[in-house]
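Working notes for the structure below.
The values are calculated or read from the model by the stated rules, or taken from the named source; none is laboratory data. What you are looking at is a predicted structure, and each value in this text was computed from that prediction instead of being measured. Heads up, the Cβs are rebuilt from the backbone with ideal geometry, glycines too, and the neighbour counts pull from every protein chain shown.
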């Protein structure tokens, strides 16, 4: 019998409004006088891909034979203007995460894992490290408001450039890296004093709107002689308009990060209360591109809460060209692993719950700059685990695509999907299962 | 002297010709004519060459410059010398906002005035402005120096890290965590060097120095364990 059952039997009733978590937060705020900062993504329940189902083939559709009939997973990103588009073997990329937020070993492991299966990794708000450039066959270099470590040599070493306007965990907010993680090397890469609480700008320092951004993109193209694709990443909010403006500004690829996307350090109130779910953002982005005649010409990458091959397939069925994973990749490396439970408890957390990435005390050695903790992650073994996981994501997505009769993941379409709830039907713009009703689109 | 006329050539052709000098330097002196406010002129250079831009430049002129000496014989648009790494960029006229944004190294000289956010997020370069600078100059600037021979606008040095700011004229207001600091001998020496390098004839002892009070470097220490 759980504690909760005991409480109920004793006639105790928890308030739905002032639940135990809310009460604890009020006490914490009252005691400390500061908002809660944490890592990870939104923990609240939002309509997600679990609320969608595929309609497998039967009489009216013709399935493909599993394992024997090919189902293509390759995707080419940046076909609009770049002389050298990025060719990926699988449509699952690794999202931007900084050295600083993550240990050098973790960055190396991400590069190794991604390279093993022919996909790309992405730098973060701390510049490009030799470790990740060395281990990533395809590396996307983020161009962020902070411009930490930004330099033309690394820009020209990149396989693509991602201009970051925002991220799903905190659309409208800048990066944050607290002093505990600003070691000598991190400080040097960011040109900051050691130990400061670093707050990155939320806006770029030298452009202020879409017309300026178009010129900025031209500048990046000129500096790199139009060789590599330029992505624009936005946090999912007014996605329909943001995607239109990004395409107009000249992006080769647009990355839309939903509210379930992770962060290394942000105010909890920001993580939980800003942005829209990934599933709701995709149809807006696709509509925007379709209206401009740019769907598939400007490729769409979506991220935020992707966990398995079904999530991948559903994103692609809704019109994405590829997805990006961050939190899931860290979990594949060993983040929140139960084998460290005792140590998680010593720092006031538990395996499966740990989100204090900003403290730099991660027992799994991933979101830390502590040299002893970092050693716990073997970059070769970690990279192999990530590669395994990426292979499973791909095979699962292929399984679903073949069942729907598709010989390419990108041939999946909204018509292959139905929704389990009215909310998800409205957001994903697919019919409620067993009906032809898409809320908001009449009967 | 190699002359590229933008009435006959494109900006792409100009930049490619200048980039090619990194592989094999065939000409050290360049002149760009027919300039009509074009954006992204002479960006991403990586060779010790001189480029004279004969006219007004648009956005991001000399962006990410390394080694080159670039002179704009006119005004410059937004973000002149943004993220430059080394070399020297000189604007003979006025510069628009975000001049020298995030620049890591080298020297940027503005002979006229600079607009808002001059030296925003500066990361180690030196900027010398003979005239005035606009509001929010050196916002979140991390390293390097800004010298203003005229006046500074509102919120100078807001959220400043370790950049040093020298102003001869008035400062309309200081931003959060920016304070006036003592001019010691080492600062007079540093400023003298900066003025000499920029070729500006001013008396260093007539300047005041501003820097970070470092009160925003960490959130409230009392609550550090709760972050």
Selected residue (only one of A:330, A:377 is in the same structural domain as residue A:109 (by TED's automatic domain parsing), over 20 Å from the mean Cα position of the chain (by Cα), closer than 21 Å to residue A:101 by Cβ and surrounded by 20 or more Cβ atoms within 10 Å (Cβ to Cβ)): A:377
Quick one: in segment B:68-86, of everything that is surrounded by fewer than 24 Cβ atoms within 10 Å (Cβ to Cβ) and either within 12 Å of the chain's Cα centre (by Cα) or touching a residue at least 60 places away in the same chain (Cβ under 8 Å) (or both), which residue is farthest from the other protein chains (Cβ to nearest Cβ)? B:86
Does any residue of segment A:412-421 turn out to be closer than 30 Å to residue A:136 by Cβ and modelled with pLDDT of 95 or more? yes
Number of positions in segment B:153-170 that are farther than 22 Å from residue B:196 by Cβ and assigned to a strand (DSSP E or B): 1
In segment A:98-205, which helices (runs of 4 or more DSSP H) lie fully inside it and hold 2 or more residues that are closer than 23 Å to residue B:66 by Cβ? A:130-135, A:152-157, A:184-190
Matching option when the condition is more than 17 Å from residue A:148 (Cβ to Cβ), within 14 Å of another protein chain (Cβ to nearest Cβ), within 14 Å of the chain's Cα centre (by Cα) and crowded, with 19+ Cβ neighbours inside 10 Å, among B:125, B:103, B:116: B:116
If you check residue A:361 against the conditions, is it surrounded by fewer than 22 Cβ atoms within 10 Å (Cβ to Cβ) and within 14 Å of chain B (Cβ to nearest Cβ)? yes
Considering segment B:148-163, residues that are within 10 Å of residue B:212 (Cβ to Cβ) and buried (at least 24 other Cβ atoms within 10 Å of the Cβ), and then whichever is nearest to the other protein chains (Cβ to nearest Cβ), we arrive at B:161
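Listed here are the residues, each with its yes/no results for (1) within 8 Å of another protein chain (Cβ to nearest Cβ); (2) over 24 Å from the mean Cα position of the chain (by Cα); (3) more than 16 Å from residue A:145 (Cα to Cα).
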position	(1), (2), (3)
A:173	no, no, no
A:176	no, no, no
A:184	no, yes, yes
A:200	no, no, no
A:223	yes, yes, yes
Of the criteria (1) farther than 24 Å from residue A:203 by Cβ; (2) within 9 Å of chain A (Cβ to nearest Cβ), which one residue B:60 fails: (1)
Which number in (1) assigned by TED's automatic domain parsing to the domain that holds residue A:400; (2) within 28 Å of residue A:174 (Cα to Cα) marks the one condition that residue A:28 misses? (1)
Restricting segment A:206-221 to residues that are assigned to a loop (DSSP other than H, G, I, E, B) and modelled with pLDDT of 95 or more, the residue that is nearest to the other protein chains (Cβ to nearest Cβ): A:206
Given the criteria surrounded by 24 or more Cβ atoms within 10 Å (Cβ to Cβ), touching a strand residue (DSSP E or B) at 6+ places or on another chain (Cβ under 8 Å), assigned by TED's automatic domain parsing to the domain that holds residue A:72 and without any contact (Cβ under 8 Å) to a residue 60 or more places away in the chain, does residue A:121 qualify? yes
Within segment A:297-314, of all residues that are touching a strand residue (DSSP E or B) at 6+ places or on another chain (Cβ under 6 Å) and part of a loop (DSSP other than H, G, I, E, B), the one nearest to residue A:418 (Cα to Cα) is A:306
Exactly one condition in (1) within 13 Å of chain B (Cβ to nearest Cβ); (2) modelled with pLDDT under 95; (3) within 14 Å of residue A:97 (Cα to Cα) is false for residue A:124; which is it? (1)
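One line per residue, one yes/no per condition, for (1) outside any loop (DSSP other than H, G, I, E, B); (2) surrounded by 24 or more Cβ atoms within 10 Å (Cβ to Cβ); (3) not assigned by TED's automatic domain parsing to the domain that holds residue A:395:
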| position | (1), (2), (3) |
| --- | --- |
| A:243 | yes, yes, no |
| A:251 | no, yes, no |
| A:264 | yes, yes, no |
| A:272 | yes, no, no |
| A:316 | yes, yes, no |
| A:323 | yes, yes, no |
Given the conditions (1) touching a helix residue (DSSP H, G or I) at 6+ places or on another chain (Cβ under 6 Å); (2) more than 30 Å from residue A:357 (Cβ to Cβ), report the number of the one that residue A:397 does not fulfil. (2)
Hits in segment B:128-147 - residues which are farther than 17 Å from residue B:197 by Cβ and more than 8 Å from every other protein chain (Cβ to nearest Cβ): B:131, B:132, B:133, B:134, B:135, B:136, B:137, B:138, B:141
